[in-house]
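Here is the structure we will look at, set down as structure tokens.
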There are 2 protein chains.
Amino acid sequence: MPVLDATHDAALRSFVPGADGHPDFPIQNLPLGIVSPADGAPRAGIAIGERVLDLPGLLAAGLLAGEAARAAEAAAGPGLNRLLALGAGPRRALRARVSELLREGSPDRAAVEALLHEAASCRVHLPAAIGDYTDFFVGIHHAENTGRQFRPDNPLLPNYKHLPIGYHGRASSIRPSGTPVRRPSGQTRPPGTEAPLFGPSRRLDYELELGVWIGPGNALGEPVAVGAAQDQVAGFCLLNDWSARDIQGWEYQPLGPFLGKSFATTISPWIVTPEALAPFRIPQAPRPAGDPEPLPYLLDAADQAAGALDLVLEVLLLTPGLKAAGLPAHPVSRSNARHMYWTVAQMVAHHTSGGCNLQPGDLLGTGTLSGPEAGAYGSLLETTNGGREPVRLASGEERRFLEDGDEVVLKARGLREGFAPIGFGECRAVIVGGAG
Amino acid sequence: MPVLDATHDAALRSFVPGADGHPDFPIQNLPLGIVSPADGAPRAGIAIGERVLDLPGLLAAGLLAGEAARAAEAAAGPGLNRLLALGAGPRRALRARVSELLREGSPDRAAVEALLHEAASCRVHLPAAIGDYTDFFVGIHHAENTGRQFRPDNPLLPNYKHLPIGYHGRASSIRPSGTPVRRPSGQTRPPGTEAPLFGPSRRLDYELELGVWIGPGNALGEPVAVGAAQDQVAGFCLLNDWSARDIQGWEYQPLGPFLGKSFATTISPWIVTPEALAPFRIPQAPRPAGDPEPLPYLLDAADQAAGALDLVLEVLLLTPGLKAAGLPAHPVSRSNARHMYWTVAQMVAHHTSGGCNLQPGDLLGTGTLSGPEAGAYGSLLETTNGGREPVRLASGEERRFLEDGDEVVLKARGLREGFAPIGFGECRAVIVGGAG
């Protein structure tokens, strides 16, 4: 079980206005990111309420020492890769020290206040240079829902319950929340036609996922044991694996998704650390009777006892019609990160089991995290049953797939009795019309 | 048709000993790479015979000016990404100037000789930091041969002749020629068994491919037209897409190859430029009667007229038994790069057609380039018909798949009447036993 310490105390208060009770970033969270304040170059920061604490500034002001200073030194530059590479020790030391500095009654309050940027005036960036991006498929309800559309009697393929299925994704097109997504064109073959066409996707979809930031990494040829795999995890984010279903459906045999996914992936820009998420760790759900035991290289008692996450996940849709009518975003789905058939440690252990090397700043996606019932599906493909049952909105609009001007917002929150709720911030992007 | 100029003249001679008539690196080739000489840090170089010309040294000695100097300046540092990003102009200027400097009768001979390293004493590195690696599947004979093992009557899937099938590969595990490859362990389900096993792969294979280095790249959301796609190509290499067939067979449905490929990819370390390959450009072979015309976004008259490559490709196998007996490497296969159903320009245009951005230093693989007949197959899966018909060696050994200690060597050569033959250098690696 991850250790809980003074930084998790629900009674902690911060002097930063609006931090206490902030839905995402109270003093118990302290996620890491890279921002450009209005007047400056990209730099490392920590989100607190509606402010961002300037990490290089903290170091320059002499407010950090020892391991915490080492962490901040590694965070110099335009990405956090070197900080991620350091592993848990310096990251925890930085968290502990920043928690002290931001508390009500901090003796360094004046110095720290001078290092707070208004979040609203900061531009957010990717928090690290992403070397490789791997997308898994561990949301079992999503695997069943999508598999059922192709194989009604046998939705899951024979390998699904034996290994965490994954594939290599495109790293270059990952963008932080707020970057518009251009509707892709591509080759499709509509049902009933013989010859394929080229044109804008008509079945554009989102996918609700968590992202996992890799920390130290492993050398080529040296697998990470499942019991040591959590040490490789430097943090989490939200991830929207945008998917053009019509392009994907025509191209993906036999080598898997390619252009149907590679046009864009949106992530929330804050790295929510394993420390911040410690209160929301839960046991991995027991496997249903009849499911196979994982092979030994995927099985660790401590991981089974506390390797899953209890996080409420949401998808909100804001259409031009809703905006024009002054209506709020439509809550399409509410799911939970507990619907993962494999833990993050199992994903890491499997990924490296053949010797593949992970590197600091690599990103893993979980795959779409749908819940078991309607209202908890993480994609429109599932929510509208392949476009057959539209979502109806208060504006009178309906949606089978995404239209230009639609904005998708993903959210994640940890909620547990006795602990301060924390959130991931938004993972948001608007669809804009394609080129040409 | 690519322009031929004075640098291609077959009559050119170099003062560098052994360069004239060198099978790979005569003065007509001049490929780019990154090497560490015995006494120094990694630096950019140009291969000439059995020597490597020091590019930073050439710049420091004042032997370059204008665009050629700009190219060498961009080659400072541990990777050639910034040089690749410059595109054809500076690259061509550098080639023209280096060709002059290395010729017999060069007035700068003494200064240049002082900047030549012995290739044998240099360590080779990856020539650029590889952001994303994409592997295509455009060798149609390979696609048919492997498809036939699953679907005897219908080896090619319906999309194959409409678009260049590709998938995202793993960039972190790409290594230069000479790096040993550790046999991967993984999950497999042998035929006739119900439960999967975990252990060392028993069906380890190579794949004979060309690699394509991307030059300037494109912005996210801005596709590259097929007629402009050659401008994105900064050079070529050999690529061995090592494949664990037993791991691949069990894992790959529905999202494609993952751990069966990601444990290692070996490339030849020299970037052979489009300029060096200009004499070996040929028309794309006409499609067989009944094959569909490519859609307009994949069709360009100039590309059809000169977008293919005539390069002889070879696979050699050197086993412990052959080495012990003092026997030469066994020539397993001889194929040709002309067996690509899609051109490199079509691969680039398709890859970016939905807006996916390519970046300088990205690498594309062509897929296995088998010829149509026995003796021309680019993998053991094809050569041994899935392991059923072993290769017999002069040492008395036989091989269905690779064993520990086996060394695989890939070669590529341009051979055309009236032009100096050039080669890619070796793409070589030995298999070593797995961990644990």
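The values are calculated or read from the model by the stated rules, or taken from the named source; none is laboratory data. Bear in mind that the values here come from a model prediction, so they are computed numbers and not experimental data. Positions of Cβ are backbone-derived with ideal geometry, glycine not excepted, and every protein chain shown enters the neighbour counts.
Among the residues of region B:284-293, count how many are more than 9 Å from every other protein chain (Cβ to nearest Cβ) and closer than 15 Å to B:Ile140 by Cα.
6
Within the bounds of region B:53-65, is there any residue that is modelled with pLDDT of 95 or more, touching a Pro at 6+ places or on another chain (Cβ under 7 Å) and at negative phi?
No, that holds for no residue.
Can you tell me how many residues in region B:1-41 are of a type in the set (A, V, I, L, M), surrounded by fewer than 15 Cβ atoms within 10 Å (Cβ to Cβ), at pLDDT 95 or above and in a loop (DSSP other than H, G, I, E, B)?
Number of matching residues: 2.
Does any residue of region B:226-245 turn out to be more than 11 Å from chain A (Cβ to nearest Cβ), within 30 Å of A:Arg151 (Cα to Cα) and part of a helix (DSSP H, G or I)?
yes
Before we move on, is A:Arg189 in contact with a Pro (Cβ under 9 Å, 6 or more places away or on another chain), among the basic types (Lys, Arg) and farther than 24 Å from A:Leu311 by Cα?
For A:Arg189, the condition - in contact with a Pro (Cβ under 9 Å, 6 or more places away or on another chain), among the basic types (Lys, Arg) and farther than 24 Å from A:Leu311 by Cα - is met.
Test A:Leu322 against the criterion of being over 17 Å from A:Ala229 (Cβ atoms), more than 21 Å from the chain's Cα centre (by Cα) and assigned to a helix (DSSP H, G or I), and give yes or no.
In short, yes.
Exactly one of (1) assigned to a loop (DSSP other than H, G, I, E, B); (2) without any contact (Cβ under 8 Å) to a residue 24 or more places away in the chain; (3) within 14 Å of chain B (Cβ to nearest Cβ) is unmet by A:Pro152. Its number?
(3)
Does A:Pro254 satisfy being in the same structural domain as A:Leu381 (by TED's automatic domain parsing) and more than 24 Å from B:Gly256 (Cα to Cα)?
no
For residues that are of a type outside the set (Gly, Ala, Ser) and at the interface with chain B (Cβ under 8 Å from one of its Cβ atoms), scanning just region A:159-172, find the one that is nearest to A:Val138 (Cα to Cα).
Only one residue tops the list, namely A:Ile165.
Does A:Leu415 count as farther than 16 Å from A:Arg334 by Cα, among the hydrophobic types (A, V, I, L, M, F, W, C) and not assigned by TED's automatic domain parsing to the domain that holds A:Ala10?
No; evaluated as a whole, the condition is false for this residue.
For region A:173-201, enumerate the residues that are facing chain B (nearest Cβ under 9 Å), more than 17 Å from A:Ile431 (Cβ to Cβ) and touching a residue at least 60 places away in the same chain (Cβ under 8 Å).
A:Gln187, A:Arg189
Looking at A:Asp132, is it charged (D, E, K, R) and closer than 30 Å to B:Val348 by Cβ?
Spelling it out, A:Asp132 is indeed charged (D, E, K, R) and closer than 30 Å to B:Val348 by Cβ.
Kindly indicate which of A:Ala120, A:Ala47, A:Ala71, A:Ala111 is assigned to a helix (DSSP H, G or I) and under 28 Å from A:Gln359 (Cβ atoms).
A:Ala71
Among the residues of region B:93-129, which ones are in contact with a helix residue (DSSP H, G or I) (Cβ under 9 Å, 6 or more places away or on another chain) and within 13 Å of chain A (Cβ to nearest Cβ)?
Across region B:93-129, the qualifying residue is only B:Ala129.
For the subset of region A:361-371 comprising residues that are away from chain B (no Cβ under 11 Å) and in contact with a helix residue (DSSP H, G or I) (Cβ under 8 Å, 6 or more places away or on another chain), which member is farthest from A:Gly217 (Cα to Cα)?
It comes out as A:Gly371.
Yes or no: B:Glu144 among the acidic types (Asp, Glu), within 14 Å of chain A (Cβ to nearest Cβ) and not in a strand (DSSP E or B)?
Yes: the conditions hold for B:Glu144.
Among the candidates B:Leu238, B:Leu220, which residue alone is of a type in the set (A, V, I, L, M, F, W, C) and under 21 Å from the mean Cα position of the chain (by Cα)?
B:Leu238
Of all residues in region B:158-208, which are of a type in the set (A, V, I, L, M, F, W, C) and at pLDDT below 95? Quick ask: steps written out before the conclusion?
Restricting attention to region B:158-208, the residues satisfying the condition of being of a type in the set (A, V, I, L, M, F, W, C) are B:163, B:165, B:171, B:174, B:181, B:195, B:197-198, B:204, B:208.
Listed by number, the list holds a single entry, B:Ala195.
Give all pairs with beta carbons closer than 6 Å in which a residue from region A:42-57 that is among the acidic types (Asp, Glu) meets a residue that is surrounded by fewer than 24 Cβ atoms within 10 Å (Cβ to Cβ) and at pLDDT 95 or above; count only pairs at least 6 apart in sequence or on separate chains.
Sorted first by the residue in region A:42-57, then by its partner, the pairs are A:Glu50/A:Gly18; A:Glu50/A:Ala119; A:Asp54/A:Leu115.
Given A:His350, A:His339, which one is under 21 Å from the mean Cα position of the chain (by Cα), buried (at least 20 other Cβ atoms within 10 Å of the Cβ) and either within 14 Å of chain B (Cβ to nearest Cβ) or of a type in the set (Gly, Ala, Ser) (or both)?
A:His350
Of the conditions (1) farther than 21 Å from A:Leu84 by Cα; (2) within 19 Å of the chain's Cα centre (by Cα); (3) charged (D, E, K, R), A:Asp246 satisfies every one except a single condition; which number is it?
(2)
Just for strands (runs of 3 or more DSSP E) wholly inside region B:169-221: which have at least 2 residues that are farther than 23 Å from B:Ile130 by Cβ and touching an Asp or Glu at 6+ places or on another chain (Cβ under 8 Å)?
In region B:169-221, B:185-188 are the strands (runs of 3 or more DSSP E) which contain 2 or more residues that are farther than 23 Å from B:Ile130 by Cβ and touching an Asp or Glu at 6+ places or on another chain (Cβ under 8 Å).
So if I check each of B:Pro288, B:Pro360, B:Pro331, which one is in the same structural domain as B:Val408 (by TED's automatic domain parsing), within 30 Å of B:Glu50 (Cβ to Cβ), outside any helix (DSSP H, G or I) and out of contact with any Lys or Arg (no Cβ under 9 Å at 6 or more places or on another chain)?
B:Pro331
Being small (Gly, Ala, Ser), part of a loop (DSSP other than H, G, I, E, B) and in contact (Cβ under 8 Å) with a residue 60 or more places away in the chain is the filter here, so list the residues in region A:363-376 that pass it.
Residues satisfying the conditions are A:Gly367, A:Ser370, A:Gly371, A:Ala376.
When only residues in region B:246-265 that are of a type in the set (S, T, N, Q) and surrounded by 22 or more Cβ atoms within 10 Å (Cβ to Cβ) count, which is farthest from the other protein chains (Cβ to nearest Cβ)? So that I can check it myself, show each step before the final result.
Taking region B:246-265 and keeping what is of a type in the set (S, T, N, Q), we get B:248, B:253, B:262, B:265.
This time we only want the ones that are surrounded by 22 or more Cβ atoms within 10 Å (Cβ to Cβ), so: B:262, B:265.
Values: B:Ser262: 4, B:Thr265: 11 Å.
Looking at residues that are of a type in the set (S, T, N, Q) and surrounded by 22 or more Cβ atoms within 10 Å (Cβ to Cβ), I get B:Thr265.
Can you name the condition, by its number, that A:Leu277 falls short on among (1) outside any helix (DSSP H, G or I); (2) away from chain B (no Cβ under 11 Å)?
(1)
Restricting to region B:233-245, count the residues that are out of contact with any Asp or Glu (no Cβ under 6 Å at 6 or more places or on another chain) and buried (at least 24 other Cβ atoms within 10 Å of the Cβ).
Within region B:233-245, the subset out of contact with any Asp or Glu (no Cβ under 6 Å at 6 or more places or on another chain) is B:233-238, B:240, B:242, B:244.
Subsequent filtering for residues that are buried (at least 24 other Cβ atoms within 10 Å of the Cβ) retains B:234-238, B:240, B:242, B:244.
Final tally of qualifying residues: 8.
Which of the residues spanning region A:202-225 are in contact with a Cys (Cβ under 8 Å, 6 or more places away or on another chain) and facing chain B (nearest Cβ under 10 Å)?
A:Leu220
Looking only at region B:377-436, count how many residues are without any contact (Cβ under 8 Å) to a residue 40 or more places away in the chain, surrounded by fewer than 16 Cβ atoms within 10 Å (Cβ to Cβ), in a loop (DSSP other than H, G, I, E, B) and touching a strand residue (DSSP E or B) at 6+ places or on another chain (Cβ under 9 Å).
Looking only at that region, the number is 1.
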